[in-house]
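**Q** If you scroll down you'll find the structure; I have some questions about it.
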Amino acid sequence: MDRQEDGIRSARPPAGDAPPTRRSTGPVPLPSAVRSGRPPTSAGVRPPWWTTSGFYIGLGVAGALAVFVALGRLGYYDIWFIVDNLSSGFGPLILSLEFTTYSFVIGISFAFGLGLVRAHPPKVGKHLARKGTRGRFSFLWRWPLYGFATGFVATVRGTPFLVQMNIVAISLAYVYPQFTFLGWNQFCWFGLLALTINTTGYQAEVFRGGIQSVEAGQIEGAKAVGLTRTQTFFRITLPQTFRLITLPLTNEWISNFKTATILSALTVEEVYYWSKETIAINDVHPIEGFVMLAIFYLLINVTLSRVVTYIEKVRRIPGLGTPIPEVSYTKRVLRGELPARARG
Amino acid sequence: MSSIHARGVRKSFGDLEVLRGVDLDVNPGEVLCIVGPSGSGKSTLLRCINLLITPDEGEIYLDNIALTDPHIRPEWVRQQIGMVFQQFNLFTHLSAKKNVMLALRHVKHLDRKKAEATAKAQLGRVGLADKLNAYPAQLSGGQQQRVAIARALAMDPKVILFDEPTSALDPESIQDVLAVMGRLGQEGMTMAVVTHEMGFAKEVADRVIFFDGGRVIEEGSPDEIFERAGHERTQSFMKKILR
Ligand SMILES: Nc1ncnc2c1ncn2[C@@H]1O[C@H](COP(=O)(O)OP(=O)(O)OP(=O)(O)O)[C@@H](O)[C@H]1O
Ligand SMILES: [Mg+2]
């Protein structure tokens, strides 16, 4: 076979001079990239540095840093103050991460149940039509459950977190005006509860969407080989759901992390409270305080997204979840993976 | 060898009456082809037979067991009656081998080694011994359909139902799949095949049924149905598809 048709260019320029009679002298040796069994996209020929995504990300970061430094030099804020005080925010930052993660993890178990209920809206006719008594009247308990789940999700998604938090905290403060438990005061606990309720609502929708986007054909295939409904759920629906919701669930964690700033309104000393009370007001460095905050959030969220994207890529099953973007023809030519012109 | 007998099967979706009293026999070791226009209820009929849909009325027997008896577990029925779909319906998150193994492990409760050996043997039988670890998305349509056939065969069913198994395939893959099905028929598997592949029906089918408007209109040998149909609706349908 002609090398050009392999879509791989060897180190030597393509042999336009090689006569077609070569074929008869024996098999053409394969390029090293193919012999070693590695995919031709990343092996053999190193793509030019200026076509890699890393280069453009680096460019973006460098640009942002340049603007950041330039504004500092122009006297908008004091870079050295930021450098000196950044570490004092680590404690509050960790507290923020704790609130985010605890509420997120507790939320998952409830959200899973709510999402499951919401993914299967009850149908009176369908259930009544069942033969025998098994499951025939299940709409009697399905309706209230579905109603509760839907109402819960609608309330959480339809009202601001600040409002939810105040309602939770103020009503609980009447009953438990003051206590300390595991080193946290009452407001920390009320805030954690509010945040958990909030993220549960959003995660429930993520689960519902994930469960419902498993194709009907998958369920049908499972039934047709004799799996029960429970087996189908645990062996087919759930494994596919988890792959479908990785990205939306990561988004929800990030969103939850940002929502946690609002706990500062309850005087919880998390990272926003720190930047506002300690840096902006006490030290009278308002811009620096919020720039530091932006640095923290950006670093953590960007790192998390990239880690999750990487895990998704490594653990990917073809045909499921986020598709790998196709590399454009032009880009592949630039990387030296394809000949510049297709030969007739 | 087993047989299927359906008597007076009716099914409606809301106001739409899809099956209007179907009587159907698939005799032991027979390959029965079902042809008929789109929307006539062929898929619905096959789904009723392995209880993916519960019929409203009528009886369906596998040998002499009434499948429509409410005391019979539908999972048991589906284990006895294999089904191959137009869209393959392979489990996207499992490799070809695991697709075949899943029901062996969790429905038949075989241990891993036995299940794996069966899966390998069945995939070899349909010519996919070199694709054990490929995921469905990495296989061509014809290969996916053959995995689906292997998955059905692995359960050692008494009857297999095929619902337009080649309608989503390119001409070359169609031949691969039909070859596998033809071989199965010769080996004496009882099969009911909804298909528009007249070549296949003529060569492999023992009997052909023309189905329209939720009823069996006419049945007979392939020649009788395709060439010398008695019913005028059959004739006009044949004219359309044979042209
Ligand atoms: N679950 C369902 N709910 C409501 N209507 C349905 C359902 N399944 C099938 N139908 C209707 O029943 C009729 C028969 O459908 P069916 O799929 O059995 O036809 P078919 O003969 O297999 O057609 P085709 O050759 O296009 O596959 C169609 O009008 C279809 O819209
Ligand atoms: Mg159909």
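**Q** Across the range A:61-94, what is the total count of residues that are among the β-branched types (Val, Ile, Thr) and touching a residue at least 12 places away in the same chain (Cβ under 8 Å)? Lay out the reasoning, then the answer.
**A** First, the residues of the range A:61-94 that are among the β-branched types (Val, Ile, Thr): A:61, A:67, A:69, A:79, A:82-83, A:94.
Pick out the ones that are also touching a residue at least 12 places away in the same chain (Cβ under 8 Å) and you get A:82.
Count: 1.
**Q** Right, here's the next one. Of the conditions (1) free of Cβ contacts under 8 Å to residues at least 24 places away in the same chain; (2) more than 10 Å from ligand 1 (Cβ to nearest atom), residue B:51 fails just one. Which one is it?
**A** Of the numbered conditions (1) free of Cβ contacts under 8 Å to residues at least 24 places away in the same chain; (2) more than 10 Å from ligand 1 (Cβ to nearest atom), the odd one out for residue B:51 is (1).
**Q** Let me ask you something else. Scan B:218, B:224 and give me the residue that is assigned to a strand (DSSP E or B) and over 23 Å from residue B:63 (Cα atoms).
**A** Working: B:224 fails: assigned to a strand (DSSP E or B).
Testing whether each residue is assigned to a strand (DSSP E or B) and over 23 Å from residue B:63 (Cα atoms) leaves just B:218.
**Q** Just to be sure before I move on: is residue A:201 at pLDDT 90 or above, more than 14 Å from chain B (Cβ to nearest Cβ), over 15 Å from the mean Cα position of the chain (by Cα) and assigned to a helix (DSSP H, G or I) in the structure I sent?
**A** Numbers: at pLDDT 90 or above: yes; more than 14 Å from chain B (Cβ to nearest Cβ): yes; over 15 Å from the mean Cα position of the chain (by Cα): yes; assigned to a helix (DSSP H, G or I): yes.
Taking the combined requirement at face value, the residue satisfies it.
**Q** Which one of A:268, A:284 is in contact with a Cys (Cβ under 8 Å, 6 or more places away or on another chain) and not in a helix (DSSP H, G or I)?
**A** On the way: A:284 fails: in contact with a Cys (Cβ under 8 Å, 6 or more places away or on another chain).
Result of the check over A:268, A:284: A:268.
**Q** Right, something else. Go through B:79, B:86 for me and flag whichever is within 7 Å of chain A (Cβ to nearest Cβ), of a type outside the set (A, V, I, L, M) and buried (at least 17 other Cβ atoms within 10 Å of the Cβ). If you could, list the steps in order and put the result at the bottom.
**A** On the way: B:86 fails: within 7 Å of chain A (Cβ to nearest Cβ).
Checking each option against the conditions leaves just B:79.
**Q** For residue B:31, work out the one condition from (1) within 16 Å of ligand 2 (Cβ to nearest atom); (2) more than 30 Å from residue B:116 (Cβ to Cβ); (3) within 12 Å of the chain's Cα centre (by Cα); (4) among the hydrophobic types (A, V, I, L, M, F, W, C) it doesn't fulfil.
**A** Residue B:31 satisfies all of (1) within 16 Å of ligand 2 (Cβ to nearest atom); (2) more than 30 Å from residue B:116 (Cβ to Cβ); (3) within 12 Å of the chain's Cα centre (by Cα); (4) among the hydrophobic types (A, V, I, L, M, F, W, C) except (1).
**Q** Counting just the residues of the range B:123-142 that are hydrophobic (A, V, I, L, M, F, W, C) and within 16 Å of residue B:177 (Cα to Cα), which one comes out farthest from the chain's Cα centre (by Cα)?
**A** Step one: filter the range B:123-142 for residues hydrophobic (A, V, I, L, M, F, W, C), giving B:123, B:126, B:128-129, B:132, B:134, B:137, B:139.
This time we only want the ones that are within 16 Å of residue B:177 (Cα to Cα), so: B:123, B:126, B:128-129, B:139.
Numbers: B:123: 18, B:126: 16, B:128: 20, B:129: 23, B:139: 21 Å.
Out of the qualifying residues, it is B:129.
**Q** Moving on to the next point. Could you check how many residues of the range B:172-202 are away from ligand 2 (no atom under 16 Å from the Cβ), surrounded by fewer than 22 Cβ atoms within 10 Å (Cβ to Cβ) and not in a helix (DSSP H, G or I)?
**A** Number satisfying all stated conditions: 3.
**Q** Could you tell me which numbered condition residue B:169 fails, if it satisfies all but one of (1) within 16 Å of ligand 2 (Cβ to nearest atom); (2) away from chain A (no Cβ under 13 Å); (3) under 13 Å from the mean Cα position of the chain (by Cα)?
**A** (3)
**Q** What's the total number of residues in the range B:10-27 that are away from ligand 2 (no atom under 16 Å from the Cβ) and hydrophobic (A, V, I, L, M, F, W, C)? Spell out the reasoning first.
**A** So in the range B:10-27, the residues away from ligand 2 (no atom under 16 Å from the Cβ) come out as B:10, B:12, B:14-15, B:17, B:20-21, B:23, B:25-27.
Within this subset, residues satisfying the condition of being hydrophobic (A, V, I, L, M, F, W, C) are B:26.
Of the residues in that region, 1 qualify.
**Q** Which residue is surrounded by the fewest Cβ atoms within 10 Å (Cβ to Cβ), if the candidates are limited to the range B:203-225 and must be in contact with an Asp or Glu (Cβ under 8 Å, 6 or more places away or on another chain) and closer than 21 Å to residue B:20 by Cα?
**A** Filtering first and then ranking leaves B:216.
**Q** In addition: Mind counting the residues in the range B:5-19 that are more than 9 Å from ligand 1 (Cβ to nearest atom) and closer than 26 Å to residue B:198 by Cα?
**A** Summing the residues that are more than 9 Å from ligand 1 (Cβ to nearest atom) and closer than 26 Å to residue B:198 by Cα in the range B:5-19 gives 2.
**Q** Moving on to the next point. For the range A:95-106, which positions are more than 16 Å from residue A:296 (Cβ to Cβ) and in contact (Cβ under 8 Å) with a residue 40 or more places away in the chain? First the steps, then the outcome.
**A** From the range A:95-106, those more than 16 Å from residue A:296 (Cβ to Cβ) are A:102-106; that's our starting set.
Listed by number, the residues that qualify are A:102, A:103, A:104, A:106.
The values are calculated or read from the model by the stated rules, or taken from the named source; none is laboratory data. Predicted, not measured: the structure shown is a model, and the values here were computed from it. As a convention, Cβ positions derive from the backbone with ideal geometry for all residues, glycine included, and neighbour counts pool all protein chains shown.
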